[in-house]
């Protein structure tokens, strides 16, 4: 089992939306490195759900990779903001996973707390200039995050 961090703006899709829906496609990722991380995921992997672009950004919950190695359908929809006219059914460029809600944390783990607890070498989220919406988390770091999130 691997660990990941997935970023979403809560006004677009929040941990509470995932709790309500139980599963969702993590579609619309249009960065090649993030896409490659999505392609590396397997069912049963766990992912930290991170709220970005909010007053207090931070990790707000946990989800599981339910299904992996899925073609992102939004690349074929000309009405989608994620439409890619250079992608084809025969050779799709963009891949995704389906995530399943596991739990919302009783208290979010704010970015500032993460900065106090981890170095940028330990947690890619903290690296200067890192804007990836999908990134791996080492198991030892994931276990420390889970301890911080458990009251």
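The values are calculated or read from the model by the stated rules, or taken from the named source; none is laboratory data. The shown structure was predicted, so the numbers you read here are calculated from the model rather than taken from an experiment. A quick note on method: Cβ atoms are made from the backbone with ideal geometry, for glycine too, and the neighbour counts reach across all protein chains shown.
What the table below lists for this structure:
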| quantity | calculated |
| --- | --- |
| Selection status of residue 89, surrounded by fewer than 13 Cβ atoms within 10 Å (Cβ to Cβ) and either at pLDDT below 95 or in a helix (DSSP H, G or I) (or both) | yes |
| Failed item in (1) buried (at least 20 other Cβ atoms within 10 Å of the Cβ); (2) over 20 Å from residue 17 (Cα atoms); (3) touching a helix residue (DSSP H, G or I) at 6+ places or on another chain (Cβ under 9 Å), with residue 117 passing the rest | (1) |
| Residues located in the range 124-142, provided they are touching a helix residue (DSSP H, G or I) at 6+ places or on another chain (Cβ under 9 Å) and without any contact (Cβ under 8 Å) to a residue 60 or more places away in the chain | 126, 130 |
| Candidates 29, 60, 71 - the one that is over 15 Å from residue 135 (Cβ atoms), in contact with a helix residue (DSSP H, G or I) (Cβ under 7 Å, 6 or more places away or on another chain) and modelled with pLDDT of 95 or more | 60 |
| Failed item, numbered, when residue 44 is tested on (1) in contact with a strand residue (DSSP E or B) (Cβ under 8 Å, 6 or more places away or on another chain); (2) surrounded by 14 or more Cβ atoms within 10 Å (Cβ to Cβ); (3) in contact (Cβ under 8 Å) with a residue 24 or more places away in the chain; (4) not in a strand (DSSP E or B) | (2) |
| Residues within the range 1-25 that are in contact with a helix residue (DSSP H, G or I) (Cβ under 7 Å, 6 or more places away or on another chain) and farther than 20 Å from residue 109 by Cα, tallied | 1 |
